[in-house]
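Worksheet for the structure shown next.
The values are calculated or read from the model by the stated rules, or taken from the named source; none is laboratory data. Everything numeric in this text was worked out from a predicted model, so none of it was measured. Methodologically, a virtual Cβ is constructed for each residue, glycine included, from the backbone with ideal geometry; neighbour enumeration extends over all protein chains shown.
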Amino acid sequence: MRLLARLVVAALVAGAVPVLSGSVLLGAQVATSCTPAQVSLTATTSQTVYVARENVLVTVALHNHGAEACTYVLGPTSPNYVVKDSSGATVWGSCWFDGGPAPCAMYVLQRVLAPGATYRDRLSWNQLSGHPEIRVPAGRYRFSVTLSGLAARAATTFRLAAS
């Protein structure tokens, strides 16, 4: 029952995202939603190869290269982070707990990104997945990120080496 209540709340909150992502009054200025022409979304890893038991470190950046402030939305499923193995199977994601998919946090935040400003998110993945959690095998992996309401994606690849 508790999970059902969380899912209902998530659906209601997600339904409110388009309403919140319109425009925001900033003093005398109005900031509108960020557009792909105004911002760039990137994802980079700290290394191209990681050894077993080494945390994979990823930095996601949303940069406003436009002349006007714009808004973007965070939560409950934005940004959406996913790590997939070479077969395309998801091994880690934004809403991940105890080795597998889990309900996301129930919040929505609308943020303003000033001209020339960058929003950064730094993530760490311990190379564990599944129930029970086990270390994923060596191989190629792909990290990707999307933001709700913004038709932009970013991705990077990395390799996990054997010990």
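Restricting to segment 49-76, count the residues that are in a loop (DSSP other than H, G, I, E, B), on the phi < 0 side of the Ramachandran plot and surrounded by 17 or more Cβ atoms within 10 Å (Cβ to Cβ).
First, the residues of segment 49-76 that are in a loop (DSSP other than H, G, I, E, B): 52-55, 65-69, 75-76.
Next cut, on the phi < 0 side of the Ramachandran plot only: 52, 54-55, 65-69, 76.
Narrowing further to those that are surrounded by 17 or more Cβ atoms within 10 Å (Cβ to Cβ): 69, 76.
Residues in segment 49-76 being in a loop (DSSP other than H, G, I, E, B), on the phi < 0 side of the Ramachandran plot and surrounded by 17 or more Cβ atoms within 10 Å (Cβ to Cβ): 2 in total.
Which residues, taken from segment 125-148, are within 21 Å of His63 (Cα to Cα) and either surrounded by fewer than 16 Cβ atoms within 10 Å (Cβ to Cβ) or not aliphatic (A, V, I, L, M) (or both)? Even if it seems obvious, please write down each step before you answer.
Narrowing segment 125-148 to residues within 21 Å of His63 (Cα to Cα): 143-148.
Listed by number, the residues that qualify are Phe143, Ser144, Thr146, Ser148.
Going by the conditions given, is Ala102 closer than 20 Å to Thr59 by Cα and small (Gly, Ala, Ser)?
Details: closer than 20 Å to Thr59 by Cα: no; small (Gly, Ala, Ser): yes.
Here the answer is no, as Ala102 does not meet what is asked.
Among (1) under 18 Å from the mean Cα position of the chain (by Cα); (2) within 24 Å of Pro36 (Cα to Cα), there is one condition Ala114 misses while meeting the rest; what is its number?
Looking at each condition in turn, Ala114 falls short on (1).
Are any residues in segment 105-124 among the polar types (S, T, N, Q), surrounded by fewer than 12 Cβ atoms within 10 Å (Cβ to Cβ) and at pLDDT 95 or above, and if so, which ones? Outline the logic, then answer.
Kept after step one, since they are among the polar types (S, T, N, Q), are these residues of segment 105-124: 110, 118, 124.
Filter again for surrounded by fewer than 12 Cβ atoms within 10 Å (Cβ to Cβ), leaving 124.
Within segment 105-124, none qualify.
Look at Thr42 and say whether it is over 24 Å from Ala162 (Cβ atoms), touching a residue at least 60 places away in the same chain (Cβ under 8 Å) and surrounded by fewer than 16 Cβ atoms within 10 Å (Cβ to Cβ). Before the answer, list the steps.
Values: over 24 Å from Ala162 (Cβ atoms): yes; touching a residue at least 60 places away in the same chain (Cβ under 8 Å): yes; surrounded by fewer than 16 Cβ atoms within 10 Å (Cβ to Cβ): no.
In short, no.
So which pairs qualify, if the first residue must be in segment 80-107 and on the phi > 0 side of the Ramachandran plot, the second must be modelled with pLDDT of 90 or more and among the hydroxyl-bearing types (Ser, Thr, Tyr), the Cβ gap must be under 8 Å, and the two must be at least 6 apart or on different chains?
Matching pairs, first to second residue: Gly99/Ser129.
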